[in-house]
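The structure appears right after this line, and notes come after that.
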Amino acid sequence: MDSIKPKKEGGMFGINDNNTQADNANDPKPVSAPSETPQNPFGDSPDMVPPPPPPTLQPSAPVPAPVPSPSATFTPAPTSPSADDSLLDLKEQALKNLQPLVSHLDQTPEEKFKTTMMLIQASDDSSLVGQAYEAANAIPDEKARAQALLDVVNEINYFTHKNNGDTEAKS
């Protein structure tokens with residue numbers, strides 16, 4: 001008599017996928033093709049009932065966005081004009097004190113140019129453009145020197161357009 005191997009545990013969740021084999025490979029028993037009706041994965045026991053299908057999600061009404069409470073919103077503290085004025089006054093004093101000291105800084109020509117451009121832009125002082133031009137010409141790297149000279153030209157354009165705009169507005 002043919003002996004049958006125990007069921008394999010290779011199916012999903014340890015459920016037999018109807019894989020049984022005879023020890024005798026010459027056994028004339030045909031292997032049945034899977035039927036077109038799905039098999040009950042819970043066995044043939046009538047007591048076993050498959051679980052109900054998962055509930056389908058029904059679209060619900062859109063949830064409105066939460067409205068932040070007044071205490072949850074950030075409002076920057078208003079700055080007083082006197083605080084802004086005092087900072088601007090301090091800036092002006094620092095720039096005036098720094099301008100004569102820049103020549104004492106140990107800087108490369110490129111650093112000197114950048115410092116001079118910062119002073120020009122921070123103070124809106126066109127009298128420093130000549131110093132920026134000299135510093136730009138002293139930069140040894142041609143590419144950096146070309147960019148610096150372009151920056152000088154842009155500053156000159158700024159001041160000439162600004163001055164032309166001032167005279168046009170006055171006339």
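The values are calculated or read from the model by the stated rules, or taken from the named source; none is laboratory data. No experiment lies behind these values; they were computed from the predicted model shown. Here Cβ is always computed from backbone atoms with ideal geometry, including for glycine, and neighbour counts include all displayed protein chains. Each accessible area value is taken on the protein alone, full model and side chains, heavy atoms only, with ligands, DNA and RNA left out. Shrake-Rupley method; radii C 1.70, N 1.55, O 1.52, S 1.80 Å.
Could you give the nm distance between label points at LEU88 and ALA144, where each point is 7 Å from its Cα heading toward the beta carbon?
3.6
Per-residue accessible area for ASP89 at 1.4 Å probe radius, Å² rounded to 10?
Here the residue's solvent-accessible area equals roughly 90 Å².
With the contact rule set at Cα under 8 Å and sequence spacing of 6 or more, what percent relative contact order holds for region 86-171? It would help to have the intermediate numbers written out before the result.
Numbers: 48 pairs, mean separation 19.8, N = 86.
It comes to 23 percent, rounded to a whole number.
Using 7 Å Cα-to-Cβ label points, what is the LEU105/ASN164 separation (nm, one decimal)?
The answer from the label model is 3.2 nm.
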